[in-house]
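I have placed the structure first, in the form of structure tokens, so that the comments after it can refer back to it.
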Amino acid sequence: MKVVLVVAACLVPAAAFAQETYTNADLAKFQVPGAYTNSDLKRLPPLATQKAPAALLPAYVPEEVPSAPWQAAYDNLKGQRDGLLAEIAIEKSQVDFSESAFAGDSRSFDPRLGYRAEVTPLIRELAKRVAVLDKRLDDLADRARRAGVTLDRR
């Protein structure tokens, strides 16, 4: 019962305001003293317009920003990132080998079972460094874009 009363209390104001709709025919009923009509506006003289600009500005020529330093910085960061990704790939392949059936020869220097636990902190640290370099690459590309330089991001 309470729900019905709450719903009714919410809908009564909406129903009351829904009755107040106006159409273009209702506009003839309203007379606002001092308001312009369309015929009054048509009788006004045309406004003065300027035929030519007051002053001609020189054409905008963007300042040429050398892109070589920006691209070199981007390529340097990208090279560091690629090196870290290669190191992560090598460590992961070593982990895969240590968990395979070929690992276990105590006379070799290949990783053995348990290598994953040893290199987990290293792989996490390398992944963090890759994330930092990704952020630095994005920031550098954004600063270069604001300076008017287009970088080759491949």
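Tally time: how many residues in segment 44-103 are in a helix (DSSP H, G or I) and of a type in the set (Asp, Glu)?
Counting residues in segment 44-103 that are in a helix (DSSP H, G or I) and of a type in the set (Asp, Glu) gives 5.
For the list (1) closer than 16 Å to TYR74 by Cα; (2) hydrophobic (A, V, I, L, M, F, W, C); (3) surrounded by fewer than 11 Cβ atoms within 10 Å (Cβ to Cβ), I need the number of the one condition that ALA117 fails.
(1)
Please give the number of the condition SER98 fails out of (1) surrounded by 15 or more Cβ atoms within 10 Å (Cβ to Cβ); (2) in contact (Cβ under 8 Å) with a residue 24 or more places away in the chain.
(2)
Which one of ARG129, ARG136 is charged (D, E, K, R), surrounded by 11 or more Cβ atoms within 10 Å (Cβ to Cβ), under 24 Å from GLN80 (Cα atoms) and more than 18 Å from the chain's Cα centre (by Cα)?
ARG129
So, TYR74, is that one modelled with pLDDT of 85 or more and either surrounded by fewer than 10 Cβ atoms within 10 Å (Cβ to Cβ) or under 43 Å from the mean Cα position of the chain (by Cα) (or both) or not?
For TYR74, the condition - modelled with pLDDT of 85 or more and either surrounded by fewer than 10 Cβ atoms within 10 Å (Cβ to Cβ) or under 43 Å from the mean Cα position of the chain (by Cα) (or both) - is met.
Contact list please: Cβ distance under 6 Å, first residue in segment 131-154 and farther than 15 Å from PRO69 by Cα, second residue surrounded by 11 or more Cβ atoms within 10 Å (Cβ to Cβ), pairs at least six apart or on different chains.
LEU133/LEU77; LEU133/GLN80; LEU133/ARG81; ARG136/LEU77
The values are calculated or read from the model by the stated rules, or taken from the named source; none is laboratory data. Small disclaimer: the values here were computed from a predicted structure and weren't measured. Glycine also receives a Cβ, built like all others from the backbone with ideal geometry; neighbour counts cover every protein chain displayed.
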